[in-house]
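The values are calculated or read from the model by the stated rules, or taken from the named source; none is laboratory data. The model shown is predicted, which means the values in this text are computed figures rather than measured ones. Reconstructed Cβ throughout: ideal geometry from the backbone, glycine too, with neighbour counts over all protein chains shown.
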C-alpha cells in the first residue's frame, strides 16, 4: 500500500488505545508503519535491484523482529536531543513499534503486488489480491475514523471506540475483498478448465473494488478477462504466447542483472513483441499505457533479426 495509508493507519492505531501505553507511542507507530519501505531506498546503495529487494526482508519475519528496535532507537535519540515531558516505557514502546510494522506487512500482503512474509527463511511470495495498491476507500475510512475520534475527545467522550470501530470495518472490507477474489478466481479456473490454467489472478481495479481484472496462464499461453457484479465473469476470446523460450530473454538473463531481478519479482512474466522489438513484462501490467512507453514493468530485450 501507499505510505499515506500506512501513516494514517499508524495514527489511528494510536487513537485506538495504543498511545496510552507509553509516551511517543503514536510517533513510534507512524515510523514503524512506514519503515519497511526503506528497502527500496537502500537497495541501490548496495548495488541491488530495488524490484527484487522491495517487500523482502524488511516486510518479512526478519524485519518484524529487527525494525522495531530501529524505531525505538530513533525515538530515544529524538528524546535525547529534544527532551520533553513524555514518559517513555521501553517494552510498551517496542510493542507498539512491532504492531506498526505488522500492520505494514499485512496491508502490503493484501495487495496483488505481493510480500515475502517468511524472509529470510523463505523467498516465497504471498498475495492477498484483495486491495489495489492505492485504495481511496481505505483512505476515507481512516480519515473518518480519525475525525470521529478527535471529535469524541473534544466532547469529552470515549475517543478510542470510533477508532476501533473503523479499524474493524477496514478488516471486514479486506475480508470481503479476499472472499470476492477467491470466488472469482475459482469461477475463472472452472471456466478455463479446457486450457488447464496453472494460474488465475483476479486483481481489484482502482476505486471500483467490486470489479476484478482477470489474468490467466498455463505453460504456453496467457489471456485475460474481467468480472463485475452486473456482467459477472467475462473472459476475452483468444490467448497470446508467453514466449519465455525467446532466445533474447535467455541472453538478457546473462547480460542484464535487471532481467534476473524482474523475473524473481514477477508473478506472471511474459515476453511481448512490438514494432520488431521484444520486451519482458508482467502480464498484469502489460496493458498499462505508461508501461507500453517504457515504464518500470517493461524491459527491452532487443530487436528481432
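Name every residue in region 23-36 that is touching a residue at least 60 places away in the same chain (Cβ under 8 Å) and on the phi < 0 side of the Ramachandran plot, in order of residue number.
Result: 23, 25, 28, 29, 30, 31, 32, 33, 34, 35, 36.
Let's see how each residue does on (1) touching a strand residue (DSSP E or B) at 6+ places or on another chain (Cβ under 6 Å); (2) crowded, with 22+ Cβ neighbours inside 10 Å; (3) outside the structural domain of residue 256 (by TED's automatic domain parsing); (4) at pLDDT 95 or above:
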residue	(1), (2), (3), (4)
68	no, yes, yes, yes
87	no, no, yes, no
98	no, no, yes, yes
107	no, yes, yes, yes
146	no, no, yes, yes
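Any chance region 180-187 includes a residue that's at pLDDT 95 or above, exposed (fewer than 13 other Cβ atoms within 10 Å of the Cβ) and outside the structural domain of residue 269 (by TED's automatic domain parsing)?
Checking region 180-187: at least one residue is at pLDDT 95 or above, exposed (fewer than 13 other Cβ atoms within 10 Å of the Cβ) and outside the structural domain of residue 269 (by TED's automatic domain parsing).
If you go through region 45-68 one residue at a time, do you hit one that is touching a helix residue (DSSP H, G or I) at 6+ places or on another chain (Cβ under 8 Å), farther than 30 Å from residue 260 by Cβ and touching a residue at least 40 places away in the same chain (Cβ under 8 Å)?
Among the residues of region 45-68, not one is touching a helix residue (DSSP H, G or I) at 6+ places or on another chain (Cβ under 8 Å), farther than 30 Å from residue 260 by Cβ and touching a residue at least 40 places away in the same chain (Cβ under 8 Å), which makes the answer no.
Taking region 197-212 on its own, how many of its residues are surrounded by fewer than 17 Cβ atoms within 10 Å (Cβ to Cβ) and not in a loop (DSSP other than H, G, I, E, B)?
Let us first name the residues in region 197-212 that are surrounded by fewer than 17 Cβ atoms within 10 Å (Cβ to Cβ), namely 198-199, 205-208, 210.
Subsequent filtering for residues that are not in a loop (DSSP other than H, G, I, E, B) retains 199.
Number of matching residues: 1.
Would you confirm whether or not region 133-141 contains a residue that is buried (at least 22 other Cβ atoms within 10 Å of the Cβ) and touching a residue at least 12 places away in the same chain (Cβ under 8 Å)? It would help to see each step written out before you state the result.
We begin by selecting, within region 133-141, every residue buried (at least 22 other Cβ atoms within 10 Å of the Cβ); these are 135, 138.
Checking the rest, the ones that are also touching a residue at least 12 places away in the same chain (Cβ under 8 Å) come to 135, 138.
Checking region 133-141: at least one residue is buried (at least 22 other Cβ atoms within 10 Å of the Cβ) and touching a residue at least 12 places away in the same chain (Cβ under 8 Å).
On the phi < 0 side of the Ramachandran plot and modelled with pLDDT of 90 or more - does that describe any residue in region 283-295?
yes
Kindly list the number of the only condition in (1) without any contact (Cβ under 8 Å) to a residue 24 or more places away in the chain; (2) touching a strand residue (DSSP E or B) at 6+ places or on another chain (Cβ under 8 Å) that fails for residue 80.
Going through the list (1) without any contact (Cβ under 8 Å) to a residue 24 or more places away in the chain; (2) touching a strand residue (DSSP E or B) at 6+ places or on another chain (Cβ under 8 Å), residue 80 breaks only (2).
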